[in-house]
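*Asks:* Shown below is the structure under consideration.
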Amino acid sequence: MSLDVDFTTFCDAAPSPYVVLDEDLVIRYANPACLQIIGRTRDELIGKYFFDALPGNPSAPVNDADHLKASLLKVLDTGKPGILTLQRYDIAAPGQPHRFEERWWSVVHTPIPGPNGNVRWVVQRADDVTAFVHSPRARQLTEHDKGIAAELYARARELQRLNQELRQAHARERQVAVTLQEAMLDDPDLLRYENIAVRYLPAATSLNVCGDWYDIVDLPPDLYSVAVGDVVGHGLHAAAVMGMLRSALSAAIRALPSPAQALEILGLYARSIEGATAATAVKVLIDPRTRLIIYSNAGHPPPVLLHRDGTCELLDRATDPPLGARPHHVPRPQASMSYTRGDTLVLYTDGLIERRDEDIDTGLAHLTKALTQDTTLAPDQLADSLLARLGVTKGANDDIALVVVRL
C-alpha cells in the first residue's frame, strides 16, 4: 500500500525545528518551529549558505561552527546520519548581528539520497536544550552524561509539547460535547411542570464526556412521561448518539404511550446506530388520575420512589437488557406501581451512584439513605441536596443526569 504524504505539510506541523540543506549546505527549507526558535524569517534563510545565514559566534570559547560543519560534511561524504547530542552554537539576536545569545542544541543530521545514490539533501533537526544545560542538575553531570541527558531532555520537551496539544484538543472536544449535550437537553415540555427538577453534570475529567440524558414529555390531556438514558462511549460521538436516541424515544412515547413499546421501538432503532447497542434507558409514564407509575427498564439503574413516610422502593420489576443487546425483536417487560400524592420519584444515571471501589448495591444504598434524610425538600432543593450528600456537586468520573419528580 502506497502512502501519500506531503512532507512539507508534515514538517510545517512538527513541533521540533527542522532545516533542509542541499549538498552545498544551502538552506532550502526551514519549518515554522525553527523560524520561531531562532527568531528569523524564511526570507532571511532560504537560498543562503547555512553559515552565512546563521554565522557562529566569533567570541565563543571554541569555534562551534567547525563542529557543526564537520558533522554536515561527514554526513554528505558517508551517507550516514550524524548526531551531536550536546552542541553549543550561539545565535545572533534578531536585528542585532553582533550580539549573540548562548544556545545549546541536540542535533540530528539525516541524509536523503538523490537518484544517483549520493546524498542530495540533509535534514537537520536541532532541539534547543539551553535551559537544561544551565539547570543546577546539569552542572553535576559529566560531559558524557550531559550529552545523553540533553537528548532525553529534548525528547521529553517534545513529548510535553505534544501532550499539551492533546490536552488542548481534548478540552476543545469536551467543551463542544458539553455544549451540544446541554443544547439537546433543552426541554420545552419541562416548563409545564413545576414539580420536576432536572440536573445534568458533565464528567469532571476531559476524557470522559459521555452521553447521559433526560427527557420529559407532556402527553395531553392527563399523562406525562419521564426518561433517563446513558450512551456508552466518550466525546462528540457519544453526545450525537445520545441526541438521536433521546429524540427517537420522545417520538415513540408520543405515538405509543406505553413505556415497554416505546423502548422496543428504541431498541430496534439503536441497532441501526453505531455506538448505540449498549445504551441503556428507563422510561416512566405517570398517570395522576389513577396515581399510577408505569415503567420499563432497558439495562438502566432502577428509579427510586421515595414515600412521604421516608421509606423507599426501587422500580425494579421490569428490567431488561440494554437497548441493542438482543439481535432479534423481543417484547420488553412493563410493570406498574401506585403512589401517594406527595411521594417523590427519582431517576438518574449511573454516574450518581457508581464508584470504582464499590458495587452498585452499595451505591443504591447511599442513594436511598440520602433520600430518606430529605423527605420534605422541594424538588429543586432535593436535587441539589442529593448531589451534595453523594459528593458529586462538582461532577464525578462519569456524566450525571438526574430527574426529581414530586408526584
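*Asks:* So residue 310 clears everything in (1) open to solvent by less than 30 Å² (accessible area, probe 1.4 Å); (2) in contact with a helix residue (DSSP H, G or I) (Cβ under 7 Å, 6 or more places away or on another chain); (3) in a strand (DSSP E or B) except one condition, right? Which one?
*Replies:* (3)
*Asks:* For region 356-372, what are the residues that are open to solvent by 30 Å² or more (accessible area, probe 1.4 Å) and touching a residue at least 24 places away in the same chain (Cβ under 8 Å)?
*Replies:* Residues of region 356-372 that are open to solvent by 30 Å² or more (accessible area, probe 1.4 Å), as a first pass: 356-362, 365-366, 368-369, 372.
Answer for region 356-372, where residues must be open to solvent by 30 Å² or more (accessible area, probe 1.4 Å) and touching a residue at least 24 places away in the same chain (Cβ under 8 Å): 356, 360, 366, 368, 372.
*Asks:* Output the number of residues of region 366-407 satisfying the condition of being under 25 Å from residue 217 (Cα atoms), modelled with pLDDT under 90 and β-branched (Val, Ile, Thr).
*Replies:* 1
*Asks:* Quick check on this structure: which one of 284, 228, 304, 232 is within 30 Å of residue 369 (Cα to Cα), within 31 Å of the chain's Cα centre (by Cα) and touching a residue at least 60 places away in the same chain (Cβ under 8 Å)? If you could, list the steps in order and put the result at the bottom.
*Replies:* On the way: 284 fails: within 31 Å of the chain's Cα centre (by Cα); 304 fails: within 31 Å of the chain's Cα centre (by Cα); 232 fails: touching a residue at least 60 places away in the same chain (Cβ under 8 Å).
Criteria check complete, one pass: 228.
*Asks:* Would you be able to tell me the number of residues in region 292-305 that are modelled with pLDDT under 95 and among the aliphatic types (A, V, I, L, M)?
*Replies:* 1
*Asks:* Being over 27 Å from the mean Cα position of the chain (by Cα) and touching a residue at least 12 places away in the same chain (Cβ under 8 Å) narrows it down to one of 377, 314, 323, so name that one. Before the answer, list the steps.
*Replies:* Numbers: 377 fails: touching a residue at least 12 places away in the same chain (Cβ under 8 Å); 323 fails: over 27 Å from the mean Cα position of the chain (by Cα).
Answer to the selection: 314.
*Asks:* For residue 344, indicate whether it is of a type in the set (Val, Ile, Thr) and open to solvent by 20 Å² or more (accessible area, probe 1.4 Å).
*Replies:* Working: of a type in the set (Val, Ile, Thr): yes; open to solvent by 20 Å² or more (accessible area, probe 1.4 Å): no.
When the stated conditions are applied, residue 344 does not pass them.
*Asks:* When region 327-339 is examined, which residues are found to be at pLDDT 95 or above and either assigned to a strand (DSSP E or B) or farther than 22 Å from residue 230 by Cβ (or both)?
*Replies:* Residues satisfying the conditions are 335, 336, 337, 338, 339.
*Asks:* Residues that are over 42 Å from the mean Cα position of the chain (by Cα) and more than 17 Å from residue 120 (Cβ to Cβ): find the helices (runs of 4 or more DSSP H) completely inside region 1-99 holding 1 or more of those. Steps first, please.
*Replies:* Numbers: elements: 7-13, 32-38, 42-45, 50-53, 64-78.
Once the helices (runs of 4 or more DSSP H) in region 1-99 are filtered for at least 1 residues that are over 42 Å from the mean Cα position of the chain (by Cα) and more than 17 Å from residue 120 (Cβ to Cβ), what remains is 50-53, 64-78.
*Asks:* Check region 267-279 and report whether any residue there is aliphatic (A, V, I, L, M) and assigned to a helix (DSSP H, G or I).
*Replies:* If we filter region 267-279 for residues that are aliphatic (A, V, I, L, M), which is where we start, we get 268, 270, 273, 276, 278-279.
Adding the requirement that they be assigned to a helix (DSSP H, G or I) leaves 268, 270.
For region 267-279, residues aliphatic (A, V, I, L, M) and assigned to a helix (DSSP H, G or I): present.
*Asks:* Turning to a different aspect of this structure: Taking region 43-68 on its own, how many of its residues are of a type in the set (D, E, K, R) and open to solvent by less than 70 Å² (accessible area, probe 1.4 Å)?
*Replies:* The initial filter retains those residues of region 43-68 that are of a type in the set (D, E, K, R), namely 43-44, 48, 52, 64, 66.
Now restrict to residues that are open to solvent by less than 70 Å² (accessible area, probe 1.4 Å): 64.
Of the residues in region 43-68, 1 are of a type in the set (D, E, K, R) and open to solvent by less than 70 Å² (accessible area, probe 1.4 Å).
*Asks:* Select from region 241-298 the residues that are open to solvent by less than 70 Å² (accessible area, probe 1.4 Å) and of a type in the set (Lys, Arg) and write down the one among them that is farthest from residue 316 (Cα to Cα).
*Replies:* 246
*Asks:* For residue 73, indicate whether it is modelled with pLDDT of 90 or more and either of a type in the set (A, V, I, L, M) or in contact with a His (Cβ under 7 Å, 6 or more places away or on another chain) (or both).
*Replies:* Values: modelled with pLDDT of 90 or more: yes; either of a type in the set (A, V, I, L, M) or in contact with a His (Cβ under 7 Å, 6 or more places away or on another chain) (or both): yes.
Yes.
The values are calculated or read from the model by the stated rules, or taken from the named source; none is laboratory data. What you are looking at is a predicted structure, and each value in this text was computed from that prediction instead of being measured. Cβ sites come from the backbone with ideal geometry, for glycine too, and all protein chains shown count toward neighbours. When the accessible area is computed, the model is the full protein with side chains, heavy atoms only, and any ligands, DNA or RNA have been set aside. Shrake-Rupley method; radii C 1.70, N 1.55, O 1.52, S 1.80 Å.
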